[in-house]
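To start, the structure under review is shown below, and the notes come after it.
The values are calculated or read from the model by the stated rules, or taken from the named source; none is laboratory data. Keep in mind that this is a model prediction, so the values were computed, not measured. No Cβ is skipped: glycine too gets one built from the backbone with ideal geometry, and neighbour counts run over all protein chains shown. To get the accessible areas, we keep the full protein, side chains included, count just its heavy atoms, and leave off ligands, DNA and RNA. Shrake-Rupley method; radii C 1.70, N 1.55, O 1.52, S 1.80 Å.
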Amino acid sequence: MNFTKMHGLGNDFIVVAGETKLPDNAAQLAEQLCNRFFGIGADGLVYILPSEQADFRMRIINSDGSEAEQCGNAIRCVAKYVYDKGLTSQESLTIETLGAGVQEVQLTVDNGKVAKVRVNMGQPILEGLKVPTTIDANPVIDRAIEVDGREFRFTAVSMGNPHCVIYVDDAVNFDLAAWGPKLEVHPLFPRKINVEFVTVRSREHTDMRVWERGAGPTLACGTGACATVVASVLNGLTDRAATVSLKGGDLLIEWDEATNYVYMTGPAAEVFGGTV
């Protein structure tokens with residue numbers, strides 16, 4: 001199996017193209033290959049597959065073998081891969097995802113290579129039961145959640161995958177390992193949850209750190225950055241266009257008021273290729 005190691009702001013993936021469908025042992029392969037000590041090492045295994053609805057189809061298997069419905073960093077990597085490897089010459093693409101349907105992608109090309117990718121991440125889902133949470137409200141804003149005697153306040157957003165956005169005094173130095181895994185499996189979230197810890201620096205800028213469902217702490221999360229800006233607008237904390245600073249770098253997120261679509265702009269990079 002030929003692979004290409006790629007990352008979006010440090011959120012890294014093993015990208016595989018050429019398969020016609022998801023292999024039956026994809027979960028086992030992901031656990032094995034994503035292991036950072038005994039495998040290649042990555043947050044997830046990404047397959048680029050044929051699509052009947054779009055130019056390409058993306059399937060993402062997390063490092064624990066579970067499947068992610070969507071991933072903003074992975075879709076930028078897929079877009080860069082298909083253009084840089086000559087699978088398409090189009091600078092406007094559509095990519096089919098499991099949880100967010102077909103998404104439109106716009107490439108910025110520099111010297112024949114993709115330098116930046118802008119993705120229409122779709123419309124946020126704010127209805128509590130559809131995120132999903134166990135809370136029957138629309139939207140779920142500034143709700144209390146208790147873990148080990150500590151109360152947090154969260155806002156729930158789905159970007160095709162579920163997110164729980166929590167505001168803290170210092171997101172950069174927040175203890176992800178202590179609280180992320182407990183919140184991920186909290187009974188309020190029937191399909192588990194991605195958890196974003198956020199500090200608002202200004203109307204146009206936030207810091208965010210993420211505990212990803214099925215992967216743990218990662219350097220960046222594109223859908224999480226989108227959920228962060230949506231939640232921040234709902235809470236009156238930021239404007240509809242804001243930069244989200246993650247551990248691996250910055251993403252520009254725009255939530256268009258007229259269309260309700262969320263747009264994410266950021267880079268993707270190839271690290272190396274190989275054969276397993």
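For region 13-28, the set of residues classified as open to solvent by 20 Å² or more (accessible area, probe 1.4 Å) and closer than 23 Å to residue 223 by Cβ consists of 17, 22, 27, listed by residue number.
The residue pairs whose first member lies in region 224-250 and is in the same structural domain as residue 140 (by the TED database), whose second member is crowded, with 19+ Cβ neighbours inside 10 Å and of a type in the set (Gly, Ala, Ser), and whose beta carbons are closer than 6 Å, counting only pairs six or more residues apart or on different chains, are 229/242; 238/232; 244/225; 246/220; 248/220.
The selection criterion, being outside the structural domain of residue 217 (by the TED database), without any contact (Cβ under 8 Å) to a residue 12 or more places away in the chain and surrounded by 15 or more Cβ atoms within 10 Å (Cβ to Cβ), does not hold for residue 10. Of all residues in region 34-70, those that are free of Cβ contacts under 8 Å to residues at least 12 places away in the same chain and buried (at least 21 other Cβ atoms within 10 Å of the Cβ) total 0.
Test of understanding: among 218, 228, which residue is at pLDDT below 95 and not charged (D, E, K, R)?
218 is the lone residue from the list that is at pLDDT below 95 and not charged (D, E, K, R).
For residue 52, are the conditions met, namely being among the acidic types (Asp, Glu) and part of a loop (DSSP other than H, G, I, E, B)? Criteria met by residue 52.
The residues on offer are 210, 271, and the sole one that is assigned to a strand (DSSP E or B), touching a residue at least 12 places away in the same chain (Cβ under 8 Å) and within 19 Å of residue 131 (Cβ to Cβ) is 210. So, residue 104, is that one closer than 24 Å to residue 263 by Cα, open to solvent by 60 Å² or more (accessible area, probe 1.4 Å) and either assigned by the TED database to the domain that holds residue 221 or not β-branched (Val, Ile, Thr) (or both) or not? Criteria met by residue 104.
Taking the options 109, 140, name whichever one is out of contact with any strand residue (DSSP E or B) (no Cβ under 6 Å at 6 or more places or on another chain) and of a type in the set (Val, Ile, Thr).
Criteria check complete, one pass: 109.
Regarding region 177-197, can at least one residue be identified that is closer than 24 Å to residue 15 by Cβ and modelled with pLDDT of 95 or more? For region 177-197, residues closer than 24 Å to residue 15 by Cβ and modelled with pLDDT of 95 or more: present. Picking from residues in region 165-196 that are within 24 Å of residue 129 (Cβ to Cβ) and of a type in the set (A, V, I, L, M), the one that is most open to solvent (accessible area, probe 1.4 Å) is 185.
Within region 157-164, is there a residue that is open to solvent by less than 10 Å² (accessible area, probe 1.4 Å) and touching a His at 6+ places or on another chain (Cβ under 9 Å)? Yes: one or more hits.
Filtering 116, 80 for residues that are modelled with pLDDT of 95 or more, within 16 Å of residue 270 (Cβ to Cβ) and assigned to a strand (DSSP E or B) leaves a single hit, 116.
When the residues of region 119-150 are narrowed to those that are assigned to a strand (DSSP E or B) and touching a Ser or Thr at 6+ places or on another chain (Cβ under 8 Å), which ends up most open to solvent (accessible area, probe 1.4 Å)? Show your work before the answer.
In the first step, residues of region 119-150 are kept if they are assigned to a strand (DSSP E or B); the result is 119-120, 125, 143-147, 150.
If we keep only those that are touching a Ser or Thr at 6+ places or on another chain (Cβ under 8 Å) as well, we get 119, 125, 143.
Values: 119: 0, 125: 63, 143: 91 Å².
The extreme case among them is 143.
Of all residues in region 149-186, exactly one satisfies the criterion of being free of Cβ contacts under 8 Å to residues at least 24 places away in the same chain and either touching a Phe, Trp or Tyr at 6+ places or on another chain (Cβ under 8 Å) or not assigned by the TED database to the domain that holds residue 206 (or both), namely 153. Only one of the listed residues (111, 73) is open to solvent by less than 20 Å² (accessible area, probe 1.4 Å) and not charged (D, E, K, R). That residue is 73.
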